[in-house]
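Okay, so here's the structure we're looking at.
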Amino acid sequence: MPSPDKALTLIDRDEIVELSKQLIRVPSVTGDEKRVVLLARDTIEGLGVETRLHGSAERPVLTATLNPEAETLLAFNGHLDTVPIASRDAWETDPYDPQLTGNTLTGRGSCDMKSACAVMIHVLGIAKRQRLPLGVSLHLVPDEEKGANRGTKILLEEMAKGNLRRPDHVVIGEKSNLKLRVAERGGWSFKIRFRGRATHTAYARHEGINAIAKASRGVLALEKPIDKWHPWIGAPVISVNSIQAGTAGNQVPDECTIGVDRRLIPGETPDTVAAEVTQALDEAGRGDPDWRWEIDAPKDAEGKWTYTPASYTEPDTPLGKALQSSIRTALGKEPELFVEWAGGTDGAHYRSAGIPTIGFGPNGEHMHGPNELVYVDTLVAQARVYVALLHALSP
Ligand SMILES: [Zn+2]
């Protein structure tokens, strides 16, 4: 393994900031990413690395590969789309006019995640100059914020068809506070229908069974922290996010349906969740002869509930070990796992195709909100770890 000492000196904070600013200046709310993708393409071509565009002309998905014939291929994935500006007045600066103040770079997409994409491009340039015997790809994609069908998933389809080389390892650059993001929660969305008995309001107390009252008890029984923990991702989450009931102002409702979003940790399935829900609701309805409810959720052809399992790449895979040693080398500290209340990334799509994938990215604040910012020293640290990783994975 070649030493990264020389390459680490090539990391240039100002260049990272400048490229981040250029990317932030081009608005790219999901659905409107073409201009920023083409800017990234031109920048990478300027480094002398070949690029390709996939998907549609209006929403291109960019890949760039250095040393495509090398034995091992490492890919960095970042998305170039952003969420919209919800309320312009809440921003202290123009979201598309990035401002560097000391260690913070402010602007839409600064943290999520154009600056991390800038780091990837910068590191690709260093890899090019270093002539390492490692294949290095960038996957710079649109559509992450709305499900990746027009972004990362297109690249996985291209790989399945043999049109794009499948990486051996993938690193996702989403914010992870310089910690290793080895796992993401899965999800199962289901409904619970509480049953009652309809009647005229006048008879509510003796003939009616109010399904809304029943559901209320059920909601309170479910809306609680879950006493489970996985070292790679933390606790699961449950949230009752919708409710439907009632037909007329003078009729006791006979049905009330709640929509539940349950985020899963490794090992959890709809069956384990249904068992927990049953236990909680049995307890909530104990002694009530009119306590009736059922779970209603989509099923596959074999009659099994459909869901997204938690996805993970074990920390002691070759990629995990290489990242851990790179953190020690580049940052001089012990690696930590990113165990947070975080949403998903495109990493789950690579993992579902069997590709080891770990997230490692910068730290910042106010993602998806006003005054989004990234800490520039964490971008430099991200670049250092990526450069060390290139060396750790080089034969
Ligand atoms: Zn993101």
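Straight-line reach from Lys214: taking Cα to Cα under 19 Å and skipping same-chain neighbours fewer than 8 places apart, the aspartates and glutamates in range are Glu223, Asp254, Glu255, Glu276, Asp282, Glu283, Asp288, Asp290, Glu294, Asp296.
For the chain, the direction-averaged projected area of the alpha-carbon convex hull comes to 22.9 nm². With a ≥ b ≥ c the root eigenvalues of the C-alpha gyration tensor of region 111-159, is it rounded (a/c under 1.5), prolate (a/b larger than b/c) or oblate? Taking the square roots of the gyration eigenvalues as a ≥ b ≥ c, region 111-159 is oblate.
For a protection proxy built on the mean count of beta-carbon atoms within 10 angstrom, sort 377-389, 149-161 highest first, please.
The packing order, highest mean first, is 377-389, 149-161.
Each Lys and Arg adds +1 at its Cβ and each Asp and Glu adds -1 at its Cβ; summed about the Cα centre, the chain shows a dipole of about 300 debye.
In whole Å, what is the distance between the alpha-carbon centres of region 133-150 and region 331-388? Spelled out, the Cα-based centre of one part sits 15 Å from the other. Taken over the C-alpha atoms, region 185-296 has Rg and Dmax values of 15.8, 55 angstrom. The angle between the Cα long axis of helix 376-393 and the main principal axis of the chain comes to about 70°, on a 0 to 90 degree scale. Calculated [222 nm] ellipticity per residue, helices only, for the chain: -9500 deg cm²/dmol; basis is -39500 (n - 2.57) per DSSP H run with n ≥ 4, divided by all residues, nearest 500.
Close lysine pairs were tallied over region 76-186: pairs 8 or more places apart or on different chains with Cα atoms under 18 Å apart number 4.
Where a number appears in this text, it was derived from the coordinates with a stated rule and is not lab data. Note that this is a predicted model, so its numbers are computed, not measured. Neighbour counts are summed over all protein chains in view; Cβ atoms, including those assigned to glycine, are modelled from backbone coordinates with ideal geometry.
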